[in-house]
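Quick note: the coordinates plus some simple rules give every number you see, no bench work behind them. Predicted model, so just to flag it, every value in this text is computed and none were measured. A quick note on method: Cβ atoms are made from the backbone with ideal geometry, for glycine too, and the neighbour counts reach across all protein chains shown.
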Protein chains: 2
Amino acid sequence: MLINELSKRTGLSAHTIRFYEKSGLIEGKQNETVKSNNYYHYDEVTVEKLEFIHDAKSVGFTIKEIGLMIDAWYNQKYSKAQKLEILDEKLISLDQKLKEIKEMKKQILHFKGDVLNDRC
Amino acid sequence: MLINELSKRTGLSAHTIRFYEKSGLIEGKQNETVKSNNYYHYDEVTVEKLEFIHDAKSVGFTIKEIGLMIDAWYNQKYSKAQKLEILDEKLISLDQKLKEIKEMKKQILHFKGDVLNDRC
DNA sequence: TACAACATTAGAGCATAGTCTATGGTTGAC
DNA sequence: GTCAACCATAGACTATGCTCTAATGTTGTA
C-alpha cells in the first residue's frame with residue numbers, strides 16, 4: 001500500500017509516518033521495476049509496527065527506545081541474547097512505571113481526602 | 001531556605017527550580033523588610049511540591065497538568081467541587097495508563113516468546 | 001577589604017517529537 | 001488532454017521542558 005492508505009489504516013498523518021521512517025522505525029520499499037515514480041510501498045508488518053509505535057509512545061517510550069524494541073523483534077541486527085536483554089530491560093522499566101503510577105494514585109487519593117475533609 | 005538549599009534538598013538544579021517557579025508551580029517569598037537584596041525564600045511546602053512535581057513528571061504528567069493538581073490541593077483558586085473534578089480526572093488517566101502499561105507488557109512478553117522460540 | 005560563594009534577571013540554546021509549507025513530479029478517471 | 005488527488009523531498013516552524021550563559025549584585029568569612 002502507499003502512504004495515504006497506510007495513514008488511513010493507522011490514523012497517523014503521512015507527515016508523522018515519514019517522520020518515523022526518517023527516524024528508522026519503519027521502512028517502505030520502492031518498486032525497482034517502475035521507473036516513472038519513486039513511490040514507497042508499505043506492507044502489513046509496517047501497519048503492525050505503527051500500531052506498536054503508537055502504543056509504546058503512549059506509555060512514555062521515546063522514539064529511540066521504540067526503535068530498539070522494533071529492532072529486537074523484527075530485525076536480525078542483534079543476537080538472541082541481545083534481543084532478550086533489550087526486551088527484559090523494557091519489561092523492568094514497565095514494572096517501575098506501574099509502581100510509580102500506583103504511588104501517584106495513592107498520593108492523589110490522599111489529596112482527595114484532604115479536599116473532602118476541608119483540610120486544604 | 002534559599003534556592004541553593006532547596007536545590008540540595010530536592011536534587012533539582014536551581015535552574016530547574018526557577019523554571020518551575022516561572023511556570024507557576026511553586027512560589028518563593030521575598031523578605032519585605034530586607035531591602036539590600038531580592039533573594040527568594042522557600043518553605044517546607046515548596047519541598048513537598050517539588051517532590052510531587054518530580055513524581056508526577058515521571059508518570060508522564062505535563063507541567064500544565066501538574067500545575068492544575070497543585071492548585072487543586074494547595075490553593076484556594078478552585079471550589080471544592082472543581083478540585084474533586086480535577087483530581088478525579090487525573091485518577092482516571094492514571095487508571096488508563098495502568099491499563100496501557102499492562103497491555104504493553106503483554107506485547108513485549110509476546111515478542112520475548114517469539115525470540116525465545118526463534119520465530120523472528 | 002578582598003574574595004569565594006552565593007543571589008537575581010534576561011535571554012540564548014538544545015533535545016524531542018512532531019507539524020506544516022513549498023516545490024515539483026505522477027496517476028488515473030473523465 | 002485536463003485536473004483532482006496523489007506522491008516525494010527539503011527545510012522551516014512549533015511546543016515542551018529544560019539547561020546554560022552573561023551580566024550584575026550581595027553576603028559572609030579571613
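If each label sits 7 angstrom from Cα along the C-beta direction, how far apart, in nm, is A:Lys64 from its counterparts in the other copies?
2.6
Can you list the copy-to-copy distances for A:Lys106, using a point 7 angstrom from Cα toward Cβ, in nanometres, shortest first?
2.7
For chain B, what is the mean residue ellipticity at 222 nm derived from helices alone (per DSSP H run of n ≥ 4: -39500 (n - 2.57); sum divided by total residues; nearest 500 deg cm²/dmol)?
-22500 deg cm²/dmol
Please work out which residue of chain A brings its Cβ closest to the axis of the rotation superposing A onto B, and round that distance to whole Å.
So the closest residue, with its distance, comes out as A:Gly60, 3.
Shortest first and in nm with one decimal, please list how far the A:Asp118 label point sits from its counterparts in the other copies (point 7 Å along Cα→Cβ).
Going from nearest to farthest copy, the values are 7.2 nm.
Using a 7 Å offset from the Cα along the Cα-to-Cβ direction at both A:Glu85 and A:Arg119, what is the distance between the two label points in nm, to one decimal?
4.8
Can you list the aspartates and glutamates whose alpha carbon is less than 18 Å from that of B:Lys29, not counting same-chain residues fewer than 8 positions off?
Cross-link targets: B:Glu5, B:Glu21, B:Asp43, B:Glu44, B:Glu48, B:Asp71.
Sort A:Leu50, B:Leu12, A:Leu98 so that the residue with the fewest other Cβ atoms within 10 Å of its own Cβ comes first and the one with the most comes last.
With the fewest neighbours first, A:Leu50, B:Leu12, A:Leu98 line up as A:Leu98, B:Leu12, A:Leu50.
Taking only Cα atoms and a 10 Å spring cutoff, compute GNM fluctuations for chain B and point out the largest among B:Glu65, B:Glu48, B:Glu32.
Of B:Glu65, B:Glu48, B:Glu32, the Gaussian network model singles out B:Glu32 as fluctuating most.
Can you put B:Tyr42, A:Tyr74 in order of Cβ neighbours within 10 angstrom, beginning with the fewest?
So the residues, fewest neighbours to most, are A:Tyr74, B:Tyr42.
Taking 4 °C and 1.567 mPa s as the conditions, I'd like the Stokes-Einstein D for chain B in µm²/s, using the Kirkwood hydrodynamic radius from alpha carbon pairs.
The estimated diffusion coefficient comes to 75 µm²/s.
For the residues B:Ser7, A:Ser93, A:Ser13, what sequence is obtained by ranking on other C-beta atoms within 10 Å, fewest first?
A:Ser13, A:Ser93, B:Ser7
Can you give the extra length, in nm with one decimal, that the chain gains between B:Gln30 and B:Val45 once fully stretched, where that is 0.36 nm per residue apart less the Cα-Cα distance?
3.8 nm
Mind computing the radius of gyration and Dmax over the alpha-carbon atoms of the protein assembly as shown? Å is fine for both.
23.6, 82
Using only alpha carbon pairs under 8 Å that are at least six residues apart, calculate the relative contact order of region A:3-116 and give it in whole percent.
Contact order relative to length: 16 percent.
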